[in-house]
Amino acid sequence: MLVKPNAGRAVRDPVKGTLLPESGAEVPDNSFWRRRLRDEDVSLITATPLAATPAASNTAPSATTTATEDTK
């Protein structure tokens, strides 16, 4: 599961011994991380929906158009 620390919280990864990065990290779905979720030390990060990808495809035609215009 993918989690990130909540604002104002520093959560140590018990296996690595390092702090969980603010951007989040993949962690095992076990009792330790479930307690961190329950205690609101961390939040689950949901996957970005596929609907967000068309913005990237909108930039591709302009790059193609620019290349075509340069050859004229």
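Return the distance in nm (one decimal) between the two label points of a simple spin-label model at E40 and D13, each offset 7 Å from Cα along Cα→Cβ.
Reported label-point gap for E40 and D13 is 2.6 nm.
With a 1.4 Å probe and all protein chains left in place, how much of the accessible area of segment 1-43 comes from carbon and sulfur atoms, in whole percent?
On the way: 1440 of 2930 Å².
Answer for segment 1-43 is 49 percent, counting heavy atoms of protein chains only.
Non-local amide H neighbours of L19 (under 5 Å, H modeled in plane, Pro and chain starts lacking H): which ones?
D13
The values are calculated or read from the model by the stated rules, or taken from the named source; none is laboratory data. Quick caveat, the model's predicted, so the values are computed rather than measured. Ideal geometry is used to build each Cβ from the backbone, glycine not excepted, and the neighbour counts take in all protein chains shown. These area figures cover heavy atoms from the full protein model, side chains too; ligands, DNA and RNA do not enter into them. Shrake-Rupley method; radii C 1.70, N 1.55, O 1.52, S 1.80 Å.
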